[in-house]
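Quick notes on the structure that follows.
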Ligand SMILES: Cc1cc2nc3c(=O)[nH]c(=O)nc-3n(C[C@H](O)[C@H](O)[C@H](O)COP(=O)(O)OP(=O)(O)OC[C@H]3O[C@@H](n4cnc5c(N)ncnc54)[C@H](O)[C@@H]3O)c2cc1C
């Protein structure tokens with residue numbers, strides 16, 4: 001069971017961080033869905049629900065997504081679908097059910113770098129940038145490579161507009177299970193970005209596969225070759241959902257499918 005000593009709802013992220021930085025046993029609360037499954041005593045729970053971080057802002061060149069935006073809001077956002085098609089929506093629509101997606105927040109998911117995360121893979125393909133309250137801006141690509149957990153609060157996620165296309169693929173044993181593997185591909189100014197996640201490690205870019213596909217014509221054969229390269233360069237692991245070998249095989253097909261979907 002999870003228990004809280006004190007519980008506060010700051011009115012802004014400034015207020016939240018002021019308290020957070022002073023109290024070692026404080027924890028940030030997003031939707032609380034994941035935290036509640038744990039067994040932990042939190043001295044001070046800092047709930048961000050009133051901190052003004054629930055928004056999807058449509059700017060001239062970018063879209064900004066506040067950390068407290070729920071997965072359901074991402075799934076149904078017209079702003080996101082106008083700019084990126086179904087890639088973001090496809091990356092969250094399989095997560096448990098609408099009730100959970102109405103509560104779980106994108107900020108918690110991204111900040112925590114969950115290995116099973118579906119939206120992280122989509123955001124990585126879209127070259128997302130994070131705004132951390134204390135440390136400032138950092139590319140999601142770089143943030144995911146960091147081993148240590150920062151003592152910070154994720155404020156928002158920034159996506160550049162004007163992509164040519166993007167697609168998300170995932171393989172699950174059942175609709176509501178964690179993905180065995182997921183993959184996302186985007187194309188911007190003719191250049192592809194390929195991300196693979198739930199390996200079961202968190203999403204990562206397949207740099208060699210990107211180099212290959214960006215230097216050749218696109219067809220079923222080259223798309224599959226890109227998948228093969230991705231399956232060789234990335235590290236896969238085994239868990240109850242699938243073996244590393246199975247994930248490697250899935251990677252080839254899912255990367256190919258995502259590239260062909262973008263190309264269609
Ligand atoms: C049963 C179940 C099944 C799931 N299945 C999937 C799945 O298949 N695919 C998938 O992608 N996801 C899945 N998820 C995860 C879900 O998508 C969310 O990632 C998860 O619930 C965290 O979101 P939350 O708002 O509930 O976070 P919380 O439980 O509130 O917080 C999680 C962690 O993030 C920290 N945190 C929260 N917000 C911030 C912030 N703004 N800045 C810094 N730290 C912060 C908290 O301190 C805590 O450590 C599942 C979750 C559950 C409960």
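Please verify whether the stretch 166-179 includes one or more residues that are at pLDDT 95 or above, outside any helix (DSSP H, G or I) and surrounded by fewer than 16 Cβ atoms within 10 Å (Cβ to Cβ). Within the stretch 166-179, none of the residues are at pLDDT 95 or above, outside any helix (DSSP H, G or I) and surrounded by fewer than 16 Cβ atoms within 10 Å (Cβ to Cβ). Out of 66, 31, 5, 43, one residue alone is farther than 25 Å from residue 161 by Cα and within 11 Å of the ligand (Cβ to nearest atom). It is 31.
Considering only residues that are away from the ligand (no atom under 16 Å from the Cβ) and in contact (Cβ under 8 Å) with a residue 12 or more places away in the chain, which ones fall in the stretch 146-184?
Within the stretch 146-184, 159, 160, 161, 162, 163, 164, 165, 166, 167 meet the criteria.
Listed conditions (1) at positive phi; (2) surrounded by 24 or more Cβ atoms within 10 Å (Cβ to Cβ); (3) out of contact with any helix residue (DSSP H, G or I) (no Cβ under 8 Å at 6 or more places or on another chain) are all met by residue 189, apart from (2). Just one residue in the set 92, 158 is in contact with a strand residue (DSSP E or B) (Cβ under 9 Å, 6 or more places away or on another chain), modelled with pLDDT of 95 or more and buried (at least 16 other Cβ atoms within 10 Å of the Cβ); that residue is 158. The strands (runs of 3 or more DSSP E) found wholly in the stretch 1-85 and carrying at least 3 residues that are closer than 20 Å to residue 157 by Cα occupy 56-58, 62-66.
The values are calculated or read from the model by the stated rules, or taken from the named source; none is laboratory data. Note that the structure is a prediction, hence the values are computed from the model and not measured. Cβ coordinates were reconstructed from backbone atoms using ideal geometry, including for glycine residues, and neighbour counts include every protein chain displayed.
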